[in-house]
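The values are calculated or read from the model by the stated rules, or taken from the named source; none is laboratory data. Worth saying up front: this structure is predicted, and the values here are computed from it rather than measured. Virtual Cβ from ideal backbone geometry, glycine too; neighbours counted across all protein chains shown. Ligands, DNA and RNA are stripped out before the accessible areas are found, and what is left, the full protein with its side chains, is counted by its heavy atoms. Shrake-Rupley method; radii C 1.70, N 1.55, O 1.52, S 1.80 Å.
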Amino acid sequence: MPVPSYQKFMYPLLELAADGEAHSMEEAYEVLAKKFNLSKEDRAELLPSGGQSRYENRVGWARTYLMKAGLLESPSRGQFKITAEGQRVLQSGITELNNQYLMRFPGFVEFRRRDRTTEETSSKEEVGNETTPDEQLEQLHQTLKKQLAQELLERVKQCSPAFFERLVVRLLVAMGYGGSMADAGRAVGRSGDNGIDGIIKQDPLGLDNIYIQAKRWERPVPSEVVRTFHGSLALQKASRGVIITTSEFYSEAIRTAQALGNIVLIDGNTLAELMIEYNVGVTVAARYEIKRVDRDFFEED
């Protein structure tokens, strides 16, 4: 089943601490996973950054919000314990907690006030919000990345065929094939090149070459292009090739490349993503550091 929202974890987490003892987050992860029938796959699902599991992130934020409301406290590193206020909440007879309910506690109100960078959200939004601040930040990052990829691909389509041939060689060099532009790759792009637009060393020693065909096209690339390129590789006695296009490939072209086995296809969307990942044609506009409390710093001997 999908991992529940962090608000769904609030009441069970408070209930776990009802005995008044200190509990670890590791224990909470196990108990809540069983309560919600989460599989190993559910628990292993990562945030887009790959830095943390979505499940543990949401349980962690549920604990943080309960602590901000004064319902839980942290007696020691990595542990939580119910407070007198938390006991009163459990004894009130409620069976569910959410952000809207927590707004009755001054500590949480102050936390949310400092946390807000936009207009006040409605009560409905407070209850229905399923994503943690970490997830919201990553979602925004993914949105900006997609917008950048679209803009980047449009700019690539506007450049000349010769520039595009040099660009794809530069990208493969940036990906680690052959070392530097000076000694690793060269754009061919002249008549009589048998469909080869670029050549790049597969390794720094130049023991093998990768042959490149660059298609700055609007229309999809058909299977005939793949078969013709395969023939060009045979003439060059080359074992590997890459076809890179600004458009996409027909499904038959993809099946042909898979059957031949020695040709990699990179469509326009993948090209833009690789350019962003390897910093080709893009520059850093801003950097933001996400910092957390260094708990080791506050450990006393």
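What's the magnitude of the charge dipole for the chain around its Cα centre, counting Lys and Arg as +1 and Asp and Glu as -1 at the beta-carbon? Answer in Debye, nearest 20.
Roughly 980 debye, rounded to the nearest 20.
Between GLU110 and ARG219, what is the label-to-label distance in nm when each label sits 7 Å out along the Cα-to-Cβ direction?
Spacing of the two 7 Å Cα→Cβ label points: 6.8 nm.
Suppose R0 equals 51 Å. What FRET efficiency, 1/(1 + (r/R0)^6) with r the Cβ-Cβ distance, do ARG287 and ASP19 give to the nearest 0.05?
That pair, ARG287 with ASP19, gives E of 0.70.
Please list the non-local residues whose amide H lies under 5 Å from the amide H of PHE249, H modeled 1.01 Å from N, same-chain partners needing a gap of 5 or more.
Residues meeting the criterion, in which the H sits 1.01 Å from N, are VAL221.
Ignoring any ligand, DNA or RNA, what whole percent of the accessible area of the chain comes from carbon and sulfur when the probe is 1.4 angstrom?
Roughly 49 percent of what the probe reaches on the chain is carbon or sulfur.
Rounded, prolate or oblate: which fits the stretch 23-66 when a ≥ b ≥ c are the square roots of the eigenvalues of the alpha-carbon gyration tensor, with rounded for a/c under 1.5 and prolate only if a/b beats b/c?
Verdict is oblate for the stretch 23-66.
Could you give the nm distance between label points at GLU130 and SER239, where each point is 7 Å from its Cα heading toward the beta carbon?
4.8
Using modelled backbone amide H atoms (1.01 Å from N, in-plane), which distant-in-sequence or interchain residues come within less than 5 Å of GLY198's amide H?
For GLY198, the qualifying residues are VAL188, GLY189, ILE212.
If you filter the stretch 231-301 for trypsin sites (Lys or Arg not before Pro), then keep DSSP loop positions with at most 14 other Cβ within 10 Å, what is left?
Hits after loop and neighbour filter: LYS237, ARG287, LYS291, ARG292.
Tell me, what is the Rg over Rh of the stretch 1-102, with Rh the Kirkwood radius over Cα pairs?
My calculation puts Rg/Rh at 0.96.
Amide H to amide H under 5 Å from LYS215: which residues, 5+ apart in sequence or cross-chain, H placed 1.01 Å off N in plane?
Residues meeting the amide H criterion: ILE244, THR245, THR246.
Between GLU85 and THR270, how high is the FRET efficiency from 1/(1 + (r/R0)^6) when r is the Cβ-Cβ distance and R₀ = 51 Å? Nearest 0.05.
Step by step, r from the Cβ atoms, then E = 0.45.
Once you place label points 7 Å from the Cα toward the Cβ at TYR250 and ASN37, how far apart are they in nm?
Reported label-point gap for TYR250 and ASN37 is 4.7 nm.
Among the listed pairs LYS68/LYS291; LYS35/LYS145; LYS8/LYS81, which have their C-alpha atoms separated by more than 26 angstrom in this model?
Violating the 26 Å limit, Cα to Cα: LYS35/LYS145.
FRET efficiency for GLN158 and ASN279, Cβ-Cβ distance as r, R0 = 22 Å, nearest 0.05?
Between GLN158 and ASN279 the formula returns 0.60.
Based on the Kirkwood radius over alpha-carbon pairs, what is the Stokes-Einstein translational diffusion coefficient of the stretch 252-301 at 4 °C with 1.567 mPa s viscosity, in µm²/s?
The estimated diffusion coefficient comes to 83 µm²/s.
Would you kindly calculate the translational diffusion coefficient of the chain, applying Stokes-Einstein with the Kirkwood radius from alpha carbon pairs, for 4 °C and a viscosity of 1.567 mPa s, and quote it in µm² s⁻¹ without decimals?
55
Would you list TYR278, TYR29 from the most to the least accessible area, probe 1.4 Å?
So the residues, ranked largest to smallest area, are TYR278, TYR29.
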